[in-house]
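J.: Quick one: this structure, given as structure tokens, is what I'll be asking you about.
Every number in this text was worked out from the coordinates using simple rules, so none of it is lab data. Predicted, not measured: the structure shown is a model, and the values here were computed from it.
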Amino acid sequence: MHHNTDVPAPTVAPVEIDDSHLIRPVLHHVTFKTTRLQEMIDWYRQVVGVEPNFQFEGGAWTSNDAANHRLAFVTMPGLKDDDEKVARPGMHHTAFERLARRTARQLSAAARPGD
């Protein structure tokens, strides 16, 4: 798609929104589908300190605080990696607030189990 840069972008008037009815819940957990269950558990354990509170053949509920789970991982028969995942809609990424300093070297080492 070609965009004409000679035409100024339209201006948008601010919209007043009444959000007083919103509850604004705190996010409790995220669930990831994976073909590499144990690798995901191990990686997140190393990087953000989650421990499985419940683990079974098809998944694990993990947490790094008092919640019963913050990150859940599930796998199932027929699940397969998608070579075209970059071109498909879905979650882009998750992010965590940094509570302690970790160097890029430490995180890089955690991403390469077995090295």
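J.: Taking H placed 1.01 Å from N in the peptide plane, check which residues at least 5 places from Ala72 or on another chain put their amide H under 5 Å from its amide H.
T.: Distant-sequence amide H within range of Ala72: Val30, Thr31, Phe32, Thr62.
J.: Wrap a convex hull around the Cα atoms of segment 17-103, take a quarter of its surface area, and give that in square nanometres.
T.: For segment 17-103, the mean projected area of the Cα convex hull comes to 9.0 nm².
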